[in-house]
Amino acid sequence: EKTIRATKWEKSRPIAPQTRHPMRKLFHITGRAWSFVTANLPGEHFVIKHGGQVPQFIKNTVDDLKRHGKVHTVIKDIEGCFPNMPKEAIKFGLREMLSKITKEKGYENVIVPNKDSEPCTWITKKRYGIKKIPFELMLEVMEFALENTFIKDLQGNLWRQVQGIPMGDPHSPGMTIGACAWMEHEWMQTLA
C-alpha cells in the first residue's frame, strides 16, 4: 500500500516559487499587504488567519455546538484549492473586498514595514523604513501574478498556468483567503 506522500509524488502540481523572479521584492511586499488585509477584514466572516488557528477553531466550534448533540469533525486536505479557484471570481472578489474597506474604513493603502518582523498597519506616522502600498497597486500585481505564472517541468518544457492561484507565490495565501471570504460573504447573503 502506497503512503499518501508516495501517491502525490507523481502528481503534477504547479508550484511557482518566486525566488528568481525579477519582481520578487515587489511580490514579497504586496504579498505581505494582501495577508494583512485578509487578516483584518471587516464584517462577519469565518476567516482563519493562519493554519495554526485551525485546531482551536475546531475545538471552539465543537464546544459551541455540542449542546445540539454529538459533533463529528472530518479534516481533509484542500490541496486542490489553489489550482482550481476561478480567476475571474478571485479578481472580482478581491477588488470588491478592497472597495468595501475603502468605503467602510476609509483606507486606500497598506503600510508595509521594511523589516519582516514588524507588522503591517493601515496608517503610520513613520516617514522612513516603510512602503506605502496603494490598493490599486496591490490589485495590479495580483492580476499580473494570476495571469503570468509559468513553470518548467522536469523535462524542461515551459507551461503557463491558466487556472487558479499559483502555488509558491507570495500573494497566494492572501488571494486564497480573500477570495474565499468574498465567496463566503456572497453565499451568506442568500441565507434567511
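Only the coordinates and a few stated rules stand behind these numbers; no lab work does. Predicted, not measured: the structure shown is a model, and the values here were computed from it. Neighbour counts run over all protein chains shown; Cβ positions are idealised from the backbone, glycine included.
Using the Cβ-Cβ distance between W159 and N40 with R0 set to 30 Å, the FRET efficiency from 1/(1 + (r/R0)^6) comes to roughly 0.30.
Can you tally the net charge around W182? Count Lys and Arg as +1, Asp and Glu as -1, for every other residue whose Cβ sits under 10 Å from the Cβ of W182. Within the 10 Å Cβ shell, the charges total -1. 3J(HN,Hα) along the stretch 55-61: x, 5, 4, 5, 4, 4, 5 Hz, from the Karplus curve 6.51 cos²θ - 1.76 cosθ + 1.60 with θ = phi - 60°, whole Hz, x for Gly and Pro.
For the stretch 70-119, GluC sites (Glu not before Pro) meeting the loop criterion (DSSP other than H, G, I, E, B) and having at most 12 other Cβ atoms within 10 Å: E79.
Put simply, the amide H of T149, placed in the peptide plane, has neighbours under 5 Å in Q161, leaving out anything fewer than 5 places away on its chain. Extending 7 Å from the Cα toward the beta-carbon at both K100 and N60 defines two label points whose distance is 1.9 nm.
Under the shape rule built on the C-alpha gyration tensor, where the axes satisfy a ≥ b ≥ c, the stretch 76-192 is oblate, since a/c reaches at least 1.5 while a/b does not exceed b/c.
For the stretch 105-114, 3J(HN,Hα) computed residue by residue from phi via the Karplus equation (6.51, -1.76, 1.60; θ = phi - 60°) reads 10, x, 8, 10, 9, 10, 8, 10, x, 5 Hz, glycine and proline entered as x. Close amide H contacts of M167 (hydrogens built in the peptide plane, cut-off under 5 Å, sequence separation of 5 or more or a different chain): A16. Taking 26 Å as the limit for the C-alpha separation, the pairs K100/K131; K103/K125; K59/K105; K105/K132; K91/K132 exceed it in the case of K59/K105. Spin-label model, R127 to K152: label points 7 Å out along the Cα-to-beta-carbon direction sit 4.6 nm apart. Close amide H contacts of I130 (hydrogens built in the peptide plane, cut-off under 5 Å, sequence separation of 5 or more or a different chain): N114.
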